[in-house]
Amino acid sequence: MNRLTKTLLGCVAALAFMACTPSAWAQLTIQITHGVSAPIPIGLVPFGSDALLPVDVAGVINSDLDRSGRFAGLARSNMLQTPTTAAAVDFAQWRLVKTDYVVIGRVIASGKGTYRVEFELFNVVTAERLLGFALPATVKNLRLVAHQASDMIYEKIVGVPGAFATQIAYVSVQGTPRSRRWRLVIADSDGEMPRTVLESKFPIMSPSWAPDGERLAYVSFEGEASAVYVQTLLTGARDRVSARAGINGAPAFSPDGKRLALALSQPDGNVDVFVLDLATRTTLRVTDDPAIDTEPSWAPDGRSLYFTSDRSGRPQIYKIALTPNAQPQRVTFEGNYNARPRVAPDGSLLAVVTQDQGVYRIASVEAATGRSRVLSSGRLDEAPSFAPNGQTILYSARGAGHGVLETAAIDGSVTSRISALDADVREPAWSPRVGSR
Amino acid sequence: MNRLLAFVSVVLLSVVLVGCASHKGAVKSATDISTTGGSGSGAYTGTSSAGVGTGSALDGSSSGASRSENLTSATIYFDFDKVEIRPEYASVIAAHGARLAKDRSLKMRLEGNTDERGSSEYNVALGERRAQSVKRALLLQGATEAQLSTVSYGAERPVADGHSEESWSQNRRVEIVTLGTR
């Protein structure tokens with residue numbers, strides 16, 4: 001790897017002169033589609049380094065903060081100075097360009113593809129140093145370390161943990177109707193570093209992260225029948241945990257990671273919600289209704305499930321306790337179509353797909369009151385998924401030609417696009433926060 | 001210049017890293033699937049190529065003429081959010097039912113599909129309901145339970161890729177796939 005890296009860096013110079021547009025290379029690109037009224041102005045000064053770095057650390061942090069909608073990064077061309085040490089920061093210069101915070105840093109190569117990333121966060125108004133950290137990094141995880149720095153800066157200023165050093169899983173579809181390929185892909189939260197963990201000529205859908213971030217449950221139609229698999233990401237080992245006749249769908253890991261909520265069909269085709277114990281492989285029936293009951297999602301305490309049901313005629317969200325003879329309670333009443341609930345980490349909000357006048361959008365629903373608020377603006381938005389800090393919802397948007405991924409802030413202030421260039425991208429799922437990777 | 005260098009090297013590294021990653025777990029899984037789809041069930045593989053060859057069914061649906069004559073495969077289209085079979089398909093159902101009643105060794109798979117609108121797993125359930133509608137209709141025509149299986153792909157396997165009613169109406173369908181004699 002090391003030698004390969006050196007060779008690569010060697011030919012970078014040559015390649016740089018070739019006509020390769022960024023878009024031809026980038027797998028996913030981020031584009032802010034709506035701005036917040038008063039984002040916090042921040043300056044991410046390019047980090048100093050003697051080495052030729054594979055990652056623009058300050059640039060990654062700047063993109064992260066921009067995408068959150070809470071910050072507006074100052075363009076480098078507008079910076080009056082580009083200090084790399086605390087002593088060189090001239091706060092007057094930063095006040096002049098109306099920046100509230102400034103981040104400077106250094107990446108020190110410590111040999112054998114390892115680095116030390118040092119960064120400092122200053123409050124421009126008070127000239128106070130708010131953060132100063134040195135993070136060990138390698139060629140391989142330099143982007144991750146940049147995301148970790150984003151998390152620290154975000155939390156220091158906003159007061160809520162960031163969710164940048166996380167991953168997203170999604171399904172990418174390529175090809176014509178007669179010869180399609182489905183890929184299950186995992187990427188960083190900004191869409192970078194994508195890697196395919198499963199490839200099939202049959203549909204893959206509904207990826208769901210285990211709370212440990214090490215396993216994914218999903219539906220695969222290989223063999224022309226549906227089955228639910230749990231795949232360990234590190235080894236690629238797959239476990240087929242449900243393969244009944246009919247529908248095996250909508251897997252959702254319980255908060256303790258020991259159970260999977262599923263949608264399973266009876267021989268007559270009726271779909272109900274079940275809970276599968278992964279250790280004993282026994283299933284517990286949760287709902288029993290001739291209507292469609294599907295898309296279960298766990299309340300954070302693991303004691304109840306939200307799900308979609310059309311028992312009232314049209315799809316709506318219901319909640320049911322996991323106790324014997326529990327009766328479901330209807331949660332959504334606004335609009336004639338609310339489906340695919342996902343519960344925020346603190347349980348206070350649901351993200352759902354809502355339909356109004358023929359367009360499908362992402363809405364947040366207050367769990368306690370059922371009050372709903374539309375957050376996205378597409379025609380065919382679906383598959384919402386909460387960031388582990390509960391501040392952002394990731395979803396897929398179609399209707400613009402091919403499927404793209406977008407994020408929306410839960411306060412409705414901003415949506416950002418992570419657009420795929422040549423594939424239909426859908427069914428995103430945001431990973432839990434994981435300690436190390 | 002420096003930034004461009006950094007960018008290009010990032011991209012190259014990503015390519016390398018992705019390559020490395022896929023050499024470990026990823027490709028292994030992909031191979032597993034090919035194994036399952038390819039050699040795992042020879043009969044199904046044969047079927048699937050027959051299924052892919054249902055061009056006649058689709059062409060039939062647009063021309064209307066060959067629909068009831070093609071007995072190896074057929075496609076039944078549905079109205080938005082509906083699972084009821086429209087009267088115009090009575091002859092298709094009757095022909096397939098009669099064929100199943102005559103040859104008990106014959107099996108068919110009913111593949112339910114929806115248009116792209118709405119949530120994906122709800123669509124899977126809706127597609128299954130459509131497949132079950134066709135199954136019940138065929139049972140009434142003399143087919144037996146053992147001859148019929150259902151699968152629902154929801155909105156995952158559209159035959160038309162557009163995002164308007166013109167495409168959606170082609171995608172809301174049940175494909176009747178003959179699995180051959182066992």
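Values quoted throughout were computed directly from the atomic coordinates according to the rules given, and no laboratory measurement underlies them. Fair warning: this is a prediction, and the values are worked out from it, not measured in the lab. Ideal geometry is used to build each Cβ from the backbone, glycine not excepted, and the neighbour counts take in all protein chains shown.
All Cα-Cα separations within the stretch A:274-355 were binned at 5 Å from zero, giving a P(r) of 3, 16, 26, 25, 18, 9, 3, 1, 0, each value a whole percent of the pairs. Legend: mean number of C-beta atoms from other chains within 10 angstrom of residue C-beta atoms, peptide B:146-157, equals 5. With the largest listed first and rounded to whole Å, the semi-axes of the equivalent ellipsoid of chain A from the Cα gyration tensor are 41, 25, 20. Normalising by the residue count of chain A, find the relative contact order in percent from Cα pairs under 8 Å and 6+ residues apart. Here the relative contact order equals 12 percent. What shape does the stretch A:137-251 have by the C-alpha gyration tensor, where a ≥ b ≥ c are the square roots of the eigenvalues, rounded means a/c under 1.5, and otherwise prolate means a/b greater than b/c and oblate the rest? Note, shape of the stretch A:137-251 comes out prolate. Ranked by how many other Cβ atoms sit within 10 Å of their own Cβ, fewest first, the residues A:Thr287, B:Thr114, A:Thr196, A:Thr114 fall in the order A:Thr114, A:Thr196, A:Thr287, B:Thr114. Along each principal axis, taking the top coordinate minus the bottom one, the Cα set of the stretch A:86-159 gives 41, 28, 17 Å in descending order. Across peptide A:190-199, the mean count of Cβ atoms from other chains lying within 10 Å of each residue's own Cβ comes to 5.
Counting every other Cβ atom within 10 Å of each residue's Cβ, A:Val271, A:Val173, B:Val159 order from fewest to most as B:Val159, A:Val173, A:Val271.
When the C-alpha to C-alpha distance is required to be over 21 Å, the pairs from A:Lys112/A:Lys140; B:Lys82/B:Lys135; B:Lys102/B:Lys135; A:Lys140/A:Lys258 that qualify are A:Lys140/A:Lys258.
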